[in-house]
1. Taking only the stretch 156-178 into account, find how many residues are surrounded by fewer than 17 Cβ atoms within 10 Å (Cβ to Cβ) and under 25 Å from Arg89 (Cβ atoms).
2. Which residue out of Thr93, Thr116 is out of contact with any Asp or Glu (no Cβ under 6 Å at 6 or more places or on another chain) and closer than 15 Å to Tyr154 by Cα?
3. Identify the residue in the stretch 36-76 that is among the small types (Gly, Ala, Ser) and in a strand (DSSP E or B) and, among all such residues, is farthest from Tyr154 (Cα to Cα).
4. Do any residues in the stretch 35-61 that are in contact (Cβ under 8 Å) with a residue 60 or more places away in the chain have Cβ atoms under 9 Å from those of residues that are open to solvent by 50 Å² or more (accessible area, probe 1.4 Å), where the two are at least six apart or on different chains, and which pairs are they?
5. Report, by residue number, each residue of the stretch 102-150 that is touching a Leu at 6+ places or on another chain (Cβ under 9 Å), among the hydroxyl-bearing types (Ser, Thr, Tyr) and closer than 20 Å to Ala64 by Cα.
6. Which condition number does Thr28 fail, the rest of (1) modelled with pLDDT under 95; (2) closer than 19 Å to Leu151 by Cα being met?
7. Are any residues in the stretch 120-163 small (Gly, Ala, Ser) and within 22 Å of Asp74 (Cα to Cα), and if so, which ones?
8. Could you go through the stretch 139-150 and let me know if any residue there is in contact with a Phe, Trp or Tyr (Cβ under 8 Å, 6 or more places away or on another chain), open to solvent by less than 60 Å² (accessible area, probe 1.4 Å), of a type outside the set (A, V, I, L, M) and in contact (Cβ under 8 Å) with a residue 40 or more places away in the chain.
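The values are calculated or read from the model by the stated rules, or taken from the named source; none is laboratory data. All values reported here derive from a predicted model rather than from experimental measurement. Cβ: placed from backbone, ideal geometry, glycine included. Neighbour counts: every protein chain shown. Accessible surface is based on the protein model in full, side chains and every heavy atom, while ligands, DNA and RNA are left aside. Shrake-Rupley method; radii C 1.70, N 1.55, O 1.52, S 1.80 Å.
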Amino acid sequence: IEIHMPPFRKGTWKKYTVPDGLAGNMVTDVSLDANGVVWLATHGGASRFDGAEFANLTQQDGLAHNTVTAVLPDSDGAVWFGTWNGLSRFDGTNWTKFTTTDGLPDNYVNALCRDTAGAIWIGTDGGVCRYDGRHFVTYTTKEGLPENHVLAIYEDPSHRMWFGTHFGGVACFDGKKF
């Protein structure tokens, strides 16, 4: 196999840390919303960066936990946050929290992905679940997932869902089976 990489382009790098306004220096996810705002998941809360300054969200604001592992801006302007204590949704005014009580397989949320059908996939330490806005459907090793610790989620152009796991490799789900 021959792999060709384009040449690395030199440029200016700008580093942002806590003294610059970032919520925490351990950044676990970065996402861009429809307005061009950058959202960052950190171990000190969530940060919103508009290109000029940071605004941070923490437990004091309504976030489920200050350790944020995943961030997913939604098409309706809301933002979803995966944390070490469940899933939080912020619509700009109100917070909604989801935990195992609501249907998550585990409260340690590691990854988020919205599929083309509009459902949100949530990777946790206890499996992966699909949330359609009303119900959670969980998939674990019982359904064929190779390992329950799901760290990454991706939907391919054929609408298959891919799940990266901690020690079980990667699994591909066609909507019916792994």
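1. The initial filter retains those residues of the stretch 156-178 that are surrounded by fewer than 17 Cβ atoms within 10 Å (Cβ to Cβ), namely 156-160, 162, 166-170, 172, 174-178.
Now drop any that are not under 25 Å from Arg89 (Cβ atoms), which leaves 159, 162, 175.
Adding up the residues that qualify gives 3.
2. Values: Thr93 fails: closer than 15 Å to Tyr154 by Cα.
Answer to the check: Thr116.
3. Applying the first criterion (among the small types (Gly, Ala, Ser)) to the stretch 36-76 yields 36, 41, 44-47, 51-52, 55, 62, 64, 70, 75.
Filter once more, keeping what is in a strand (DSSP E or B): 41, 45-47, 55, 70.
Working: Ala41: 18, Gly45: 24, Ala46: 22, Ser47: 23, Ala55: 28, Ala70: 13 Å.
The qualifying residue farthest from Tyr154 (Cα to Cα) is Ala55.
4. Taking only residues 6 or more apart or on different chains, not a single pair turns up.
5. If we filter the stretch 102-150 for residues that are touching a Leu at 6+ places or on another chain (Cβ under 9 Å), which is where we start, we get 102, 104, 107, 109-114, 120-124, 126-129, 131, 136, 138-139.
The next check asks that each one be among the hydroxyl-bearing types (Ser, Thr, Tyr); those that pass are 124, 131, 138-139.
Scanning the stretch 102-150 gives Thr124, Tyr131.
6. The single condition Thr28 does not satisfy is (1).
7. Start the filter on the stretch 120-163 by keeping residues that are small (Gly, Ala, Ser), which leaves 123, 126-127, 133, 144, 152, 158.
Within the stretch 120-163, Gly123, Gly133, Ala152, Ser158 qualify.
8. There is no residue in the stretch 139-150 that is in contact with a Phe, Trp or Tyr (Cβ under 8 Å, 6 or more places away or on another chain), open to solvent by less than 60 Å² (accessible area, probe 1.4 Å), of a type outside the set (A, V, I, L, M) and in contact (Cβ under 8 Å) with a residue 40 or more places away in the chain.
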